[in-house]
Amino acid sequence: MSSDATLASYASRLGDNALILGQRMIELVAASPELEEELANANFSLDYIGQARMYYTYAGEREGAGRDEDDFAFLRPEHDYKNLLLVEQPNGHYGDSTVRQFLFESWYVLLLEALTRCSDEGISIIAARAIKEVRYHLRHSSQWLVRLGDGTEESHARVKASLDDLWRYTGEMFAPDDLDDEMRAVFNGPHLEVIETQWRENVAAVLAEATLDMPDDQWMASGGKQGQHSEHMGFLLAEMQHLQRAYPGATW
Amino acid sequence: MYTQGLDQAGKGGPDTREAESRAQLDAFQARIDAEEKIEAKDWMPEAYRRTLIRQISQHAHSEIIGMQPEGNWLTRAPTMKRKAILLAKVQDEAGHGLYLYSAAETLGVSRDEMVGDLLSGKAKYSSIFNYPTLTWADIGAIGWLVDGAAIMNQIPLCRCSYGPYSRAMIRVCKEESFHQRQGYELMLTLCRGTDEQKAMAQDALNRFWWPALMMFGPNDAASSHSAQSMAWKIKRFSNDELRQKFIDVTVPQAEFLGLSVPDAALWFNENTEHYEHSDIDWQEFFDVISGNGPCNRQRLAKRRKAHDDGAWVREAARAYADKKAAAEAAA
């Protein structure tokens, strides 16, 4: 793979994580348990949409085939999206979406830290911008996880079940594929094994405060990074791509 | 997003007229006439307080319910830029709601009470949000017409005699005018697009024109409580004056887009320099206000579901805060 192709694929994959998670969060507009959370959710999803725009624009530049952010977001088939399975999981109840955000953001913050030190300036600049937002998101999701875990019996039971359901989607975050290896070898990209150690430490600390046990090692789902998604993904894309697909070539 | 000229008098509440002396009322009116701002801790007639609570909370509820028709297209916004713009707008609305509930709280009512009144169906919100958003062009029409009408209503409220409301409106208006321009720009893009897009824009104007005119509330003759609100300088212009101003500004904008306003009798009166329009279907207005619009039940059901689904979350947050407070007290 040429270095431009590596960067284009890597940036596009980062964009997919940000867009698909942002799209899931957008579904929660007008459904939050408190008005303050309504604001937080809209604000954070806007951050993710903003990050996706930067990654896709950069991917398009490195690719050099004239594709813009909207081509990446709206006009690719499902297999071309390489986001983690975790971020496409449905919102479920507030505990489910909180755990999804927490598990992803705990990883994403570490990934972004590593990417700010990578040798490609384009990626490192976006990572430096994104990390400021995501640190704040992580603080928010961690605080809610603690409140729910150490709140009432009901909230503890609910969020424990959320954690057990979603844990299986965390393995994929740390399993390097060829693109991760190349990004690391050529551009001093993230070392996923190192990130996994840090992630487990950070997650364990928050779970302890939330009076929740760390789930046991178990079978892990994978495939998102290779474009093999869950059944949920097709519906998400059908809805998101609807206007671009129904009116090809129109300007909006 | 905006308040509506509903002007329904608040019913109930203790009759405090006896406790309010002529001298107090005169002194209060003198402050209003001198354009002084009334602040939360100042003495005020009970009816003034109740009128403001009703108006500000209706405004806050409108912001919160107003998130739904636009939220309906967030997941389907056609470009990343439009998605980000719409999301920022919806976020602004949540912020306006929060800000306005806080302004109403300065008058001695809690947010829980106000939200309770919304969920029970007792409180009103702007009728416009009981109309559906059926195509992407509706998002443009809402920005252009609904936010445009909101601005007409709200600019005078920046000079409202009640300080906290006036200051809230100054901030809100800045964002609303931004939303209005974005909505118009969206319409312009559609009108310069394909035939299908232009038809979409015309259809949106057809459906939102009359409901937008209704946003200014009943005709002056039918708006019995306007006079008192004017005397208190809560209101500065009558419903019909604001509506006329909106029509005069908006018709040329529609012409620039190449769209037809859905009123065959509309004409420009050169003597008065105002547009003359057909009668508004007030039956439709009162139907929608009283719960019989296309989406009234759907909007409230969604709000109630969010509230009910969130009950265990709020309870957990309270339990956690209590535990923390107890632990700190014990330490």
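No lab work stands behind these numbers, since they all come straight from the coordinates. Model, not experiment: these values are computed from the prediction. So basically every Cβ, Gly included, is an ideal-geometry build from the backbone, and we count neighbours across all protein chains shown.
Placing unit charges on each Cβ (+1 for Lys and Arg, -1 for Asp and Glu) gives segment A:179-237 a dipole about its Cα centre, and among A:Ser222, A:Ala204, A:Met183 the Cα reaching farthest toward its positive end belongs to A:Met183. Given a Förster distance of 60 angstrom, what is the FRET efficiency for A:Met220 paired with B:Asp195, based on the Cβ-Cβ distance and rounded to 0.05? Once the sixth-power term is evaluated, E becomes 0.70. Working from label points 7 Å from Cα in the Cα-to-Cβ sense, the A:Glu154 to B:Ile170 distance is 4.4 nm.
Working from the Cα coordinates of segment B:222-331, the gyration tensor eigenvalues give, after taking √(5λ), semi-axes of 49, 21, 16 Å in decreasing order. Between B:Gln228 and B:Arg111, what is the FRET efficiency for a Förster distance of 35 Å, r being their Cβ-Cβ separation, to the nearest 0.05? Efficiency at R0 = 35 Å is approximately 0.85. By the count of other C-beta atoms within 10 Å, a proxy for reagent exposure, A:Arg62, A:Arg139 are ordered fewest to most as A:Arg139, A:Arg62. Farthest towards the positive end of the charge dipole of segment B:192-235, among the residues B:Gln228, B:Ala201, B:Gly217, is the Cα of B:Gln228, using unit charges on the Cβ of Lys, Arg, Asp and Glu. Simple spin-label estimate for A:Glu61 and B:Ala19 gives 6.6 nm between the two label positions (7 Å along the Cα-to-Cβ direction from each Cα). Evaluated at q = 0.10, 0.11 Å⁻¹, a Debye calculation over the C-alpha positions of segment A:3-246 (equal weights, vacuum) places log10 I(q)/I(0) at -0.45, -0.55. When only the Cβ of Lys, Arg, Asp and Glu is charged (+1, +1, -1, -1), the dipole of chain B relative to its Cα centre reaches about 1220 debye.
Just name one of A:Leu110, A:Thr57, A:His137: the one whose Cα is farthest towards the positive end of the charge dipole of segment A:3-246 (beta-carbon charges, Lys/Arg +1, Asp/Glu -1). Projecting each Cα onto the dipole axis, the largest value belongs to A:Thr57.
Note on segment B:19-162: along the principal axes its Cα atoms extend 61, 32, 21 Å, ordered by decreasing extent. Listed cross-link partners B:Lys37/B:Lys235; B:Lys37/B:Lys233; B:Lys83/B:Lys124; B:Lys124/B:Lys302; B:Lys89/B:Lys174 are compared with a 18 Å cut-off, the Cα-Cα value being larger for B:Lys83/B:Lys124. How much length is gained on full extension from B:Asn219 to B:Phe286, taking 0.36 nm per residue of separation minus their Cα-Cα distance? The B:Asn219-B:Phe286 span can extend by a further 22.9 nm. Taking a point 7 Å from the Cα of B:Gln253 along the Cα-to-Cβ direction, the residues of segment B:120-139 with backbone N closer than 14 Å to it are B:139. The HN-Hα couplings worked out from phi for segment B:94-109 by the Karplus form 6.51 cos²θ - 1.76 cosθ + 1.60 (θ = phi - 60°) are 4, x, 4, x, 4, 5, 6, 4, 5, 4, 5, 4, 5, 9, x, 10 Hz, whole numbers, x standing for Gly and Pro. Rounded to the nearest 20 debye, the dipole size of segment A:3-246 about its Cα centre is 320 debye, using +1 on the Cβ of Lys and Arg and -1 on the Cβ of Asp and Glu. Averaged over the residues of peptide B:317-327, the number of Cβ atoms from other protein chains lying within 10 Å of each residue's Cβ is 4. Rg/Rh for segment A:1-136 to two decimals, with Rh computed the Kirkwood way over all alpha-carbon pairs. Value, to two decimals: 0.98.
Highest GNM mean-square fluctuation among B:Ala30, B:Ala123, B:Ala94, for chain B modelled with Cα contacts below 10 Å: B:Ala30. A Förster radius of 56 Å, combined with the Cβ-Cβ distance separating B:Gln29 from A:Asn91, puts the computed FRET efficiency at roughly 0.60. Simple spin-label estimate for A:Glu209 and B:Lys81 gives 4.1 nm between the two label positions (7 Å along the Cα-to-Cβ direction from each Cα).
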